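Since the structure comes first, as structure tokens, the remarks are kept for the end.
Throughout, read-outs are computed from the coordinates displayed, never taken from laboratory work. From a predicted model like this one, the values you see are computed outputs, not experimental measurements. Every residue, glycine as well, gets a Cβ built from its backbone with ideal geometry; the counts of neighbours run over all protein chains shown.
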Amino acid sequence: MTDRQRAEHEASDRSPFVSMTRANAEAPDEKPGATPEGRGRKSREHGGGVSGVTATTEPFWTEAGERLMEEVISRGNMMKAYHRVVSNKGAAGVDGMTTGRLKEHLQREWPRIKEELLNGTYQPQPVRKVEIPKPGGGTRMLGIPTVCDRLIQQALSQELGPLFESGFSPHSYGFRPGRSAHQAVAAARRQVAEGRQWKRPYTRAKNLIRRGLTEARAWKSAYNGRGPWRNAGASHMHDAFGTSDFAKLGLFSLQQQFHRLQHST
């Protein structure tokens, strides 16, 4: 065994997820708790019989979900999530366990947690309620999950984040990796500096004409004497900016989505 292999082996022994790795090595073709009939929701469907519609769609989503969860609980992803949670520190949840005790807990409980995640039976613990003071007075309620639940959340975020990131609008700055509210303000200032504002009536009229309004209506709307808030909800602005324009920016009508869901059920 080379020095590098010996170092990797020793690092593996110190990992809180070593039990998972060794179990896979000892029994690569078996999964804990598996039965000849299958596992979890999919096995129940095969045993009890389902409708034709469910039979054609549900297995696909079950298998896709299992494959994704296997990526989530992979050793590399879990170790990355573990180091992130431990480095963030933070307060304990309702169980009182700190980040310093997380490794010991995982070395003892990880096989059970892993199997529950694969089966879809994992149940997060309640969130601890904490009230913190506001700078201007009063308090703000804060929810603190347990350290173990924070680990699972971080592992899920690392796998799900890249899947959804490509679908976000380039103009979206909230709760995205590498983006912040300060960047959103800077982008807005750049647009103002570049002249992308409709404050002047002449500019507003020209832009409305470019958006398809007739000249008469555009000039009348631009010089109607109303402020930006009243103009924002006016009919000429609705005609100039349809829902498709906002959809391109990733902004969808909640009312339309609600009606769509109503008709789909």
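Here are some notes:
- All conditions in (1) free of Cβ contacts under 8 Å to residues at least 12 places away in the same chain; (2) on the phi > 0 side of the Ramachandran plot hold for G212, with the sole exception of (1).
- From the list Q183, Q154, the one residue that fits, being in contact with a helix residue (DSSP H, G or I) (Cβ under 8 Å, 6 or more places away or on another chain) and surrounded by 12 or more Cβ atoms within 10 Å (Cβ to Cβ), is Q154.
- Those residues of region 133-151 which are touching a residue at least 40 places away in the same chain (Cβ under 8 Å) and either surrounded by fewer than 18 Cβ atoms within 10 Å (Cβ to Cβ) or assigned to a helix (DSSP H, G or I) (or both), in sequence order: I144, V147, C148, D149, R150, L151
- Restricting attention to region 118-132, the residues that are surrounded by 11 or more Cβ atoms within 10 Å (Cβ to Cβ) and closer than 17 Å to G143 by Cα total 6.
- Reported count of residues in region 161-178, each being surrounded by 10 or more Cβ atoms within 10 Å (Cβ to Cβ) and touching a residue at least 40 places away in the same chain (Cβ under 8 Å), is 4.
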